[in-house]
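Enquirer: Got a structure for you, questions after.
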Amino acid sequence: MIEFLSVYGENWSTWQPPMVSAIWVTLALTFCAYILALAIGLLVALGRMSNSAMLRAICKGYVEFTRGVPTLVILFLIYFGLPGFGIVFDAFWAGVIGLGIGMGGYIAEVFRSGLQAIHFGQREAALAVGMTPFQSFRYIMLPLAIRIVLPPMLNMLILILKDSSLCALITAPELMLFAKDLASTTFLPMHLYLLVGVVYLALSLPMSLVARRVEARMQAGMSR
Amino acid sequence: MAEPLLKVENLHKSFGSLEVLKGIDLELAKGEKIALIGPSGCGKSTCLRCVNFLEIPNQGHIYLDGELFGQKKVGDQYSQMSEKELARQRATIGMVFQGFYLWPHLNVRDNVAIAQIKVNGMAKSEANDLAMDMLKKVHMDHKSEEFPERLSGGQQQRVAIARALAQRPKLLLFDEPTSALDPELVGEVLNTIHELADEGRAMMLVTHEIAFAREVADRVVFMDGGGIAEQGPAKDIIDNPQNPRLQSFLGQMLERN
């Protein structure tokens, strides 16, 4: 055991600097992809509830696509497939777009369930005081939906953090690639994968703590 | 007779193949209070909801203060208004729902003030003052900082009434305002509506509270099967009904109470 741990001590000075920069890349990937997924998700959720049958069908198709196609396939399509059509993204942005698209469908479903959980009377009351449909969405429906979907949305953030490790396979310089590259040169895979496992856990734990807090507060608010 | 405040002309409304309103004609004078009564499914709520275009009529027209409501007329052609224009007209009619529908993310004062800020562009402090005045009217000013979830049904409905009053509406619509309340809470809401009626506000009230309708309304309209079966001064209609359907309806309502 001591022998196992002492390896970390011996290598820390060479492992630590690239690991820290890889952590920053992982965090940046996660947050950029999350913001993209939220934007896609909100638009698709609205599209699925629109009056236009075609828009509804397109958005439903998108949701089914992201449900059925693995994120890794989407990442490969973007990073390796699109350059064949002259569309080239670097590994980081290919990762952001792939993760964003992959998670956008799930986020759309969360938004949709949140909006549908609101009684239609809330919207009618907003229309009755003279709000336009847009104002009733902006000032009434959206704030209400966000209250409902906040806990599952925070869980989505954790899922994206974990899925960001897939971007190692398209060479985004993130945490998993750091471990993979180093493992292949040092022949210490157990040490390195254990290390990044702990780092992922350390990054996601505060997020899930916040999620649980928010959830408890929401439930307290609902049952008041 | 002076021009009516509200004129409902040949109103038809269907849901799919079900014709709910089969040609309603109705007028309401300034300051007049009418109660719509009738059995479930007779179309009284639908009629009320057509007045502010929460339901879009299939046929017929609504005029408020002489102005065509929810529609535009070009030549002889009627067409639907834009959402923006419709919203502006809706702001002049207050509506109180059976289910209250206060917005749970806003406190009581903001529930009353928000439309004045966001729709009418009123300054926040002015809207808050207005909200407090309206809450005083319904005796809810002491709860202005509370959130709706913490109020009883009767209190929520009184706040919903204040929200409608803050619109300084030409007309108030009440859609079964006490039907979702526990029996012991009905009184406080009816008292509030009674006080507003005494101020000479024009209102249209869908209700099952026959005694209340008799006391507060100037006129009672009995609807049956999507049409108006009988109407007249409240006391005449309720104490001395002519239509046999109305007689049996009132009989049932008396039995129930």
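Enquirer: Could you please tell me which pairs satisfy a Cβ distance under 9 Å, a separation of 6+ or placement on different chains, a first residue in segment B:135-159 that is free of Cβ contacts under 8 Å to residues at least 12 places away in the same chain, and a second residue that is not in a helix (DSSP H, G or I)?
Expert: Going by the 9 Å Cβ cut-off, the qualifying pairs are B:Arg150/A:Arg224.
Enquirer: On to the next question. Can we say B:Lys73 is farther than 30 Å from A:Met218 by Cβ, surrounded by fewer than 17 Cβ atoms within 10 Å (Cβ to Cβ), within 9 Å of chain A (Cβ to nearest Cβ) and not β-branched (Val, Ile, Thr)? Spell out the reasoning first.
Expert: On the way: farther than 30 Å from A:Met218 by Cβ: yes; surrounded by fewer than 17 Cβ atoms within 10 Å (Cβ to Cβ): yes; within 9 Å of chain A (Cβ to nearest Cβ): no; not β-branched (Val, Ile, Thr): yes.
When the stated conditions are applied, B:Lys73 does not pass them.
Enquirer: Between B:Ser79, B:Ser40, which is without any contact (Cβ under 8 Å) to a residue 40 or more places away in the chain and assigned to a loop (DSSP other than H, G, I, E, B)? Don't jump to the end; show me each part of the working.
Expert: On the way: B:Ser79 fails: assigned to a loop (DSSP other than H, G, I, E, B).
When all the criteria are applied, what remains is B:Ser40.
Enquirer: Here's another thing I want to ask about it. Looking only at segment A:135-156, which residues are farther than 20 Å from A:Phe31 by Cα and more than 8 Å from chain B (Cβ to nearest Cβ)? Give the steps one after another, and end with the answer.
Expert: From segment A:135-156, those farther than 20 Å from A:Phe31 by Cα are A:135-145, A:147-148; that's our starting set.
Once the filter is applied, which keeps residues that are farther than 20 Å from A:Phe31 by Cα and more than 8 Å from chain B (Cβ to nearest Cβ), segment A:135-156 yields A:Ser136, A:Phe137, A:Arg138, A:Met141, A:Leu142, A:Ala145, A:Ile148.
Enquirer: Still on this model: Name the residue that is farthest from the other protein chains (Cβ to nearest Cβ), counting only residues in segment B:21-33 that are crowded, with 22+ Cβ neighbours inside 10 Å and not charged (D, E, K, R). If you could, list the steps in order and put the result at the bottom.
Expert: Going residue by residue through segment B:21-33, those that are crowded, with 22+ Cβ neighbours inside 10 Å are B:21, B:24, B:28, B:33.
In the following step, the residues that additionally are not charged (D, E, K, R) were identified as B:21, B:24, B:28.
Values: B:Leu21: 18, B:Ile24: 20, B:Leu28: 18 Å.
For segment B:21-33, the residue satisfying everything is B:Ile24.
Enquirer: Can you name the condition, by its number, that A:Phe120 falls short on among (1) within 14 Å of another protein chain (Cβ to nearest Cβ); (2) surrounded by fewer than 15 Cβ atoms within 10 Å (Cβ to Cβ); (3) farther than 24 Å from B:Gln89 by Cα?
Expert: All conditions are met except number (3).
Enquirer: Still on this structure, please answer the following. Mind telling me which of the residues A:Val73, A:Val25, A:Val63, A:Val20 ends up being touching a residue at least 60 places away in the same chain (Cβ under 8 Å) and either part of a helix (DSSP H, G or I) or not β-branched (Val, Ile, Thr) (or both)? So that I can check it myself, show each step before the final result.
Expert: Working: A:Val73 fails: touching a residue at least 60 places away in the same chain (Cβ under 8 Å); A:Val63 fails: touching a residue at least 60 places away in the same chain (Cβ under 8 Å); A:Val20 fails: touching a residue at least 60 places away in the same chain (Cβ under 8 Å).
Exactly one residue qualifies, and that residue is A:Val25.
Enquirer: Something else: Name the pairs: first residue in segment B:197-223 and in contact (Cβ under 8 Å) with a residue 60 or more places away in the chain, second residue among the polar types (S, T, N, Q), Cβ to Cβ under 7 Å, at least 6 apart or on different chains?
Expert: Listed by first residue and then by second, the contacts come to B:Val206/B:Ser45; B:His208/B:Ser179; B:Ala213/B:Thr207; B:Arg219/B:Gln231; B:Val220/B:Gln231; B:Val221/B:Gln231; B:Phe222/B:Gln231; B:Phe222/B:Asn243.
Enquirer: Taking segment B:157-193 on its own, how many of its residues are within 12 Å of chain A (Cβ to nearest Cβ) and either of a type in the set (D, E, K, R) or part of a loop (DSSP other than H, G, I, E, B) (or both)?
Expert: Residues flagged as within 12 Å of chain A (Cβ to nearest Cβ) and either of a type in the set (D, E, K, R) or part of a loop (DSSP other than H, G, I, E, B) (or both) within segment B:157-193 amount to 7.
Enquirer: To continue, here is another question. Please find, among B:Gly75, B:Gly23, the residue that is over 26 Å from B:Ala234 (Cα atoms) and more than 19 Å from the chain's Cα centre (by Cα).
Expert: Details: B:Gly23 fails: over 26 Å from B:Ala234 (Cα atoms).
The match here is B:Gly75.
Enquirer: What's the total number of residues in segment B:131-156 that are within 19 Å of the chain's Cα centre (by Cα) and within 12 Å of chain A (Cβ to nearest Cβ)?
Expert: Within segment B:131-156, residues that are within 19 Å of the chain's Cα centre (by Cα) and within 12 Å of chain A (Cβ to nearest Cβ) number 1.
Table: residues versus (1) surrounded by 18 or more Cβ atoms within 10 Å (Cβ to Cβ); (2) modelled with pLDDT under 95; (3) touching a helix residue (DSSP H, G or I) at 6+ places or on another chain (Cβ under 8 Å).
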residue: A:Val129; (1), (2), (3): yes, no, yes
residue: A:Pro133; (1), (2), (3): no, yes, yes
residue: A:Ile148; (1), (2), (3): yes, yes, yes
residue: A:Lys162; (1), (2), (3): no, no, yes
residue: A:Lys180; (1), (2), (3): no, yes, yes
residue: A:Ala183; (1), (2), (3): no, yes, yes
residue: A:Tyr200; (1), (2), (3): yes, no, yes
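Enquirer: Can you name the residue in segment A:135-146 that is among the aliphatic types (A, V, I, L, M) and either closer than 25 Å to B:Phe53 by Cα or in contact with an Asp or Glu (Cβ under 9 Å, 6 or more places away or on another chain) (or both) and is also surrounded by the most Cβ atoms within 10 Å (Cβ to Cβ) among such residues? Explain how you work it out, then say what you get.
Expert: Initially, segment A:135-146 is screened for residues among the aliphatic types (A, V, I, L, M), giving A:140-142, A:144-146.
Within this subset, residues satisfying the condition of being either closer than 25 Å to B:Phe53 by Cα or in contact with an Asp or Glu (Cβ under 9 Å, 6 or more places away or on another chain) (or both) are A:140-142, A:144.
Working: A:Ile140: 25, A:Met141: 19, A:Leu142: 17, A:Leu144: 21.
So, considering only residues that are among the aliphatic types (A, V, I, L, M) and either closer than 25 Å to B:Phe53 by Cα or in contact with an Asp or Glu (Cβ under 9 Å, 6 or more places away or on another chain) (or both), the one surrounded by the most Cβ atoms within 10 Å (Cβ to Cβ) is A:Ile140.
Enquirer: In segment B:207-255, how many are outside any helix (DSSP H, G or I) and under 14 Å from B:Leu190 (Cβ atoms)?
Expert: Residues of segment B:207-255 outside any helix (DSSP H, G or I): B:207-209, B:217-233, B:240-243.
Imposing the further condition that a residue be under 14 Å from B:Leu190 (Cβ atoms) reduces the set to B:207-209, B:217.
The total comes to 4.
Enquirer: If you don't mind, there's one more thing I want to ask. Could you tell me whether segment B:85-99 includes any residue that is assigned to a helix (DSSP H, G or I), over 18 Å from B:Arg168 (Cα atoms) and of a type in the set (A, V, I, L, M, F, W, C)?
Expert: no
The values are calculated or read from the model by the stated rules, or taken from the named source; none is laboratory data. These numbers come from a predicted model, not from an experiment. FYI the Cβ positions are ideal-geometry reconstructions off the backbone, even for glycines, and counts take in every protein chain you see.
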